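The values are calculated or read from the model by the stated rules, or taken from the named source; none is laboratory data. Note that the structure is predicted; figures quoted are calculated from it, not measured. Cβ placement follows ideal geometry from the backbone for every residue including glycine, while neighbour counts extend to all protein chains displayed. SASA here: full protein model, heavy atoms, side chains in, ligands and nucleic acids out. Shrake-Rupley method; radii C 1.70, N 1.55, O 1.52, S 1.80 Å.
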Amino acid sequence: MWNTAWMRSVEWLAAAATNPRDCKRQWDHGTGTALLEAGRYWNVLSVPEELGLLALNVLWHDPLRTPGPVLRHSKARRVGFFLPPGPDQQWIGAGIRHVGKGCWIPVPPPYRDTGHLEWIIPPDGNGTLHSPDRLEAALHTATSTLTHLQTDPHEATTRSTTPCSTIT
């Protein structure tokens with residue numbers, strides 16, 4: 001079922017491609033994914049799946065704000081949060097990968113999953129992205145939760161629990 005929100009979502013995502021028509025063709029008739037360059041319209045913060053899903057749960061608890069796009073790679077067990085582009089952003093933490101200008105990521109269309117890639121929250125077509133500050137706070141909370149969930153007290157003290165942070 002196509003509606004104007006889905007169409008805006010497709011157009012917004014495809015605009016990040018070198019050739020938006022080829023991007024949409026890849027989604028519909030090719031592999032189902034398109035390689036899109038980060039750093040122009042958005043960056044992506046890729047985190048381990050368990051941490052990312054807990055952080056997303058924290059973000060959903062704010063009734064006044066809807067989280068930005070979130071992409072999951074089930075095989076790699078990672079979750080990607082779409083953020084505003086910012087060359088001066090630096091994220092630090094165990095398993096954290098910041099994808100910015102000059103990097104490319106495989107992206108499925110917002111209207112279906114492709115292989116191991118699926119949208120947990122597809123783009124809304126209006127350019128809504130995650131606030132770096134809110135995401136950082138959610139990752140801190142998720143890291144704390146993961147630490148408390150450890151069953152082995154020795155493991156909880158030796159596991160890296162370095163929280164993510166932005167340095168601007």
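May I ask which residue of Pro48, Leu139, Cys103 lies farthest towards the positive end of the charge dipole of the chain, with charges of +1 (Lys, Arg) and -1 (Asp, Glu) on Cβ and the Cα centre as origin?
About the Cα centre, the residue reaching furthest to the positive side is Cys103.
With a 10 Å cut-off between alpha carbons and a GNM built on the chain, which of Leu54, Leu45, Leu149 moves the most?
In this elastic network of the chain, the residue with the biggest mean-square fluctuation among Leu54, Leu45, Leu149 is Leu149.
How much net charge surrounds Ile105 when only the other residues with a Cβ under 15 Å from the Cβ of Ile105 are counted, with Lys and Arg +1 and Asp and Glu -1? Each step should come with its number before you reach the end.
Numbers: positive: Arg40, Arg72, Lys75, Arg78, Arg97, Lys101; negative: Glu37, Glu118.
Every neighbour counted, the sum reads +4.
Of the heavy-atom accessible surface of the chain (probe 1.4 angstrom), what whole percent is carbon and sulfur?
Working: 4910 of 9120 Å².
Summing carbon and sulfur atoms, their accessible area is 54 percent of the total for the chain.
How far apart, in nm, are two points set 7 Å out from the Cα along the Cα-to-Cβ line at Thr145 and at Glu118?
Going by the 7 Å Cα→Cβ label model, 1.9 nm.
Taking the Cα-to-Cβ direction at Met7 and at Leu35 and moving 7 Å from each Cα, how far apart do the two end points lie in nm?
3.1
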